[in-house]
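Each remark here refers to the structure printed beneath this line.
The values are calculated or read from the model by the stated rules, or taken from the named source; none is laboratory data. Predicted model only: the values in this text are computed from it and were never measured. Virtual Cβ from ideal backbone geometry, glycine too; neighbours counted across all protein chains shown. Remember, those area values only see protein heavy atoms, side chains included, never the ligands or the DNA or RNA. Shrake-Rupley method; radii C 1.70, N 1.55, O 1.52, S 1.80 Å.
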Amino acid sequence: MKAPDASLYLHDLEPSIAEFRTAVFEGLSKPRKTLPCKYFYDAEGSRLFERICEQPEYYPTRTEFQILETYAGEIARLIGPHASLVEFGSGAGIKIRLLLEALEQPRAYLPVDISREHMLAAAADLARQFPDLCIAPVCADYTQPFALPTLHDLEPDTQVGFFPGSTIGNFTPMEARVFLGRTHTLLGNGAMMLVGVDLRKDGAVLTAAYNDAAGITAAFNRNLLRRINDVLQGTFDLTGFAHKALWNPELGRMEMHLVSQRVQSVYIEGRRFDFEDGETIHTENSYKYTIPQFQQLARESGYSPVAVWTDTRQLFSVHALRAI
Ligand SMILES: C[S@@+](CC[C@H](N)C(=O)[O-])C[C@H]1O[C@@H](n2cnc3c(N)ncnc32)[C@H](O)[C@@H]1O
């Protein structure tokens, strides 16, 4: 498929509506109802996520941006010239600009994201800013095996994976190992992987970050129900579910839930799902790691930790890992 910008060709592996339906039916049939967080991100979900990033309580985005801004030169020296970059969950593509500006003659940029229209718009913007760069957007679900497009006549000196936003925290530690193992296979031995990881910290700071006063995270959470209504003829009353975000200290993760405000039944493509008053749908986890914890997880996934950068308040970390 041709992307909106004439110079971009989309490698389109977007999950089908059938996969969405299966995931929703499976998740809502469990004794403890769940929905996969990857389905937050349709065009509206991506737009809401960008607004979350602007909220004063939501420190991760601006903190990671500051770290990358401060250390972009050091990171670029570590990577070297003529790199090809694959960004997992590229979103608005804001942070990659810092790297692309600092790198010596980067060869190619492959954003990978499940939110197709949003990614294409971001890729088209980047193409305007970096006209000499080969940009090859890939719409795919990175929790499933997928192949990258072959870029002919491009021989990068280094393959680099970039996974910012602490999106790795959406996986359980076991899932994170599987994901990192998959990136290792995609990028190959010797590749560099840069991962943004939110650090363990006071539960109050975390809880505030996921409960912004403007209610944008709540809208983002509920948007999943709106998407089910739109795509799968759901009958969710969005006002019948409250946003709840809590710190789970035993598991070291923030959890997001949608809490049913009364006894109610919802139909999705004619199939009935019953909710008790106070019953929750678990929609997202965001695991937080200490630096040694994450480095150990990286080692268990075939990577060797090379460097780590943090902000002065030790809120967030950016790890450089080498695929071995
Ligand atoms: C937390 S946001 C981070 C966005 C951006 N990288 C940043 O640092 O601000 C997660 C991004 O990953 C994408 N995403 C989430 N799950 C995905 C999946 N399973 N496969 C591909 N992309 C996914 C979303 O569409 C979104 O752009």
Completion exercise
Relative contact order of the range 8-103 (C-alpha contacts under 8 Å, at least 6 apart) in percent is 20 percent
Handout entry: Within the chain, helix-based [θ] at 222 nm, where runs of 4 or more DSSP H residues each add -39,500 (n - 2.57), nearest 500
Key = -11000 deg cm²/dmol
Completion exercise
Phi-derived 3J(HN,Hα) across the range 31-42 with the Karplus relation (6.51, -1.76, 1.60, θ = phi - 60°), rounded Hz, x for Gly and Pro, is x, 10, 5, 9, 9, x, 5, 4, 7, 4, 9, 9
Problem - the chain, relative contact order in percent, only Cα pairs under 8 angstrom and at least six apart counted - result: 21 percent
Handout entry: Spatially near lysine pairs across the chain, Cα under 30 Å, sequence gap of 8 or more or different chains
Key = 18
Exercise for the section: Could you work out how far the C-alpha centroid of the range 113-163 sits from that of the range 275-324, in angstrom? Expected result: 23 Å
Handout entry: FRET efficiency, residue 97 to residue 17 (Cβ-Cβ, R0 45 Å, nearest 0.05)
Key = 0.85
Problem - Residue-level accessible surface for residue 265, protein heavy atoms, 1.4 Å, Å² - result: 60 Å²
Exercise for the section: Select from 147, 127, 18 the residue whose mean-square fluctuation is largest in a Gaussian network model of the chain (Cα-Cα springs shorter than 10 Å). Expected result: 18
Problem - Per residue, in Å², the accessible surface of the chain once ligands and nucleic acids are set aside, probe 1.4 Å - result: 43 Å²
Exercise for the section: Could you tell me the accessible area of residue 243 in Å² (1.4 Å probe, neighbours in place), rounded to the nearest ten? Expected result: 40 Å²
Practice task
Would you mind pulling out the separation of the Cα centroids of the range 171-220 and the range 28-91, in Å?
Solution key: 8 Å
Handout entry: Amide H within-cut-off set for residue 301, under 5 Å, with H built and near neighbours excluded
Key = none
Fill in the blank from the handout: Counting only DSSP beta bridges fully inside the range 125-268, the antiparallel percentage to nearest 5 is 70 percent
Handout entry: Carbon and sulfur %, accessible surface of the chain computed with the full protein complex present, 1.4 Å
Key = 52 percent
Fill in the blank from the handout: Descending accessible area (1.4 Å probe), largest on the left, turns 26, 300 into 26, 300
Fill in the blank from the handout: Percent antiparallel among DSSP beta bridges confined to the chain, rounded to 5, stands at 60 percent
Handout entry: Within a Gaussian network of the chain (alpha carbon springs, distance under 10 Å), most fluctuating of 80, 161, 93
Key = 80
Exercise for the section: Work out the P(r) tail for the range 87-216: percent of alpha carbon pairs separated by more than 21 Å, whole number. Expected result: 46 percent
